Each structure stands twice: as C-alpha cells, then as structure tokens.
Amino acid sequence: MTETHDASPRRIRPLLLLPFLLFAGLAALFLAQLLSGRDAATIPSALIGAPAPNDPLPALEGAGLPGFEPARFKGRVTLVNVWASWCAPCREEHPLLLELARDPRVTIAGINYKDQGPKALGFLRELGNPFREIGVDPAGRAAIDWGVYGVPESFVVGKDGTILFKHVGPLTKESLRGEVMLAIEKALAG
C-alpha cells in the first residue's frame, strides 16, 4: 500500500489568527496606557467646570451647624468633603481637614454620606470638626448628583459656584499641599 501525502504547504486559516490578533491588540492598548504618563488613579469628572449641584441637605442633628446649602458657596472658595463615620480613610484624612480649616480663605462644607447621626456626631466629637456646615445624605442621592464614586471625596468649588477640582480618595499631605492647594489658590485668584 502506498500512502500519499500532500506536499503543498498548509494554509493558516484566518479564524485561527483571531485570538492572537485580539491578544496583540489588547497588549498594545495596555502598553500605550502604561507609557502615557497619566495617573491611573485619577478619575475624570464630568462636573469640572460645571455649577455645583444646588440641592440643599438637612443639617446633622446635634452638630450645631447649618445644613448643606450650595447657594452659600457664592463669593467664597469652598472645599466640599464627602465623608462617613464608618469610613476608615475618612479618619486618616481628618487631621488634614482640621489643618485646612484654620485657613480663613477656605470654607469646608461636609456631606455626611449614608451614615447614622449619632455615629457621625461621635466621629466629630472624637476627631474634631473642620466643617462650617454639614448636610446629611442618608440615601446617597446627593452624592450621585456630585458624581461621587465612594468616600472620601473632596471638591474645590470656586467663588462663582463652579466645581474646579475633584479629589478621589483620602487627602494626603502631598495631595493637600500639592494639587488641592493649587486648585484652591487658583480659585482664590479667580
């Protein structure tokens, strides 16, 4: 018996190349992102340059402060901080908020996010209160309007009520003295 073999070279089917091409394309995309120099921790906000949401929030009962009223932002530079007593990173950044509260050029307004009033008051009694006004957001609806991903987050609002800067995550000495103060100084000058 004689066996016959096909001596012609095999053709690679285009369908078999598809996984390799997809992998190569994704690898190129990831490499381009990695080499772009952009900070991957920076989450862009569609609200930068837009008016701050104008919905008032009721005061934190027992804090002795007014509720959150964005209409009061006009004519002053405000740092809006979204926080909660159950948030460990909020505890980490709190001393920096107290430090910033000593600067008379900046008002710090708080949005207490999905928290219980007595626990929020305990948090402030234990750590100090940097806020001039605090509004409660028990369902997180206001946080959605502000584009909050999670707590803590901070926003610099200019004298005209426009959101100028957003910081996601806890403030650090570096971020406060760097990008946050830069945004505040720019707002004060404008």
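The values are calculated or read from the model by the stated rules, or taken from the named source; none is laboratory data. What you see is a predicted model; the values in this text were computed from it and never measured. Quick reminder, even Gly has a Cβ in these numbers, built from the backbone with ideal geometry, and neighbours come from all protein chains shown.
Restricted to the stretch 118-137, and to residues that are touching a residue at least 60 places away in the same chain (Cβ under 8 Å) and in a helix (DSSP H, G or I), which residue is nearest to ILE108 (Cα to Cα)? The qualifying residue nearest to ILE108 (Cα to Cα) is LEU124. The C-beta contact set for the stretch 99-115 (first residue on the phi > 0 side of the Ramachandran plot and surrounded by 14 or more Cβ atoms within 10 Å (Cβ to Cβ), second residue assigned to a strand (DSSP E or B) and modelled with pLDDT of 95 or more, distance under 9 angstrom, 6+ apart or interchain) comprises LYS114/ASP137. Sub-7 Å Cβ pairs linking a first residue in the stretch 56-82 that is more than 21 Å from GLY169 (Cβ to Cβ) to a second residue that is of a type in the set (Phe, Trp, Tyr) and buried (at least 16 other Cβ atoms within 10 Å of the Cβ), at least 6 apart or interchain, are PRO56/PHE68; LEU57/PHE68; LEU65/PHE131, ordered by first then second residue. Within the stretch 145-171, residues that are on the phi > 0 side of the Ramachandran plot sit with their Cβ atoms under 6 Å from residues that are crowded, with 20+ Cβ neighbours inside 10 Å and in a loop (DSSP other than H, G, I, E, B), at 6+ positions apart or across chains, in these pairs: GLY161/ALA52. Entry remark, the stretch 148-158: residues being closer than 11 Å to ALA52 by Cα and not in a strand (DSSP E or B) number 1 in total. Among the residues of the stretch 161-187, those identified as surrounded by 14 or more Cβ atoms within 10 Å (Cβ to Cβ) and hydrophobic (A, V, I, L, M, F, W, C) are ILE163, LEU164, PHE165, VAL168, LEU171, LEU176, VAL180, MET181, ALA183, ILE184, ALA187. Could you grab me the full set of residues in the stretch 131-160 that are under 12 Å from the mean Cα position of the chain (by Cα) and surrounded by 14 or more Cβ atoms within 10 Å (Cβ to Cβ)? Passing the criteria: ALA143, TRP146, GLY147, VAL148, VAL151, PRO152, GLU153, SER154, PHE155, VAL156.
For VAL77, the requirement of being among the β-branched types (Val, Ile, Thr), more than 14 Å from GLU133 (Cβ to Cβ) and either at pLDDT 90 or above or surrounded by 10 or more Cβ atoms within 10 Å (Cβ to Cβ) (or both) is met.
Considering every residue within the stretch 65-84, establish whether at least one is closer than 13 Å to ASN112 by Cα, not in a loop (DSSP other than H, G, I, E, B) and not hydrophobic (A, V, I, L, M, F, W, C). Yes, that holds for at least one residue.
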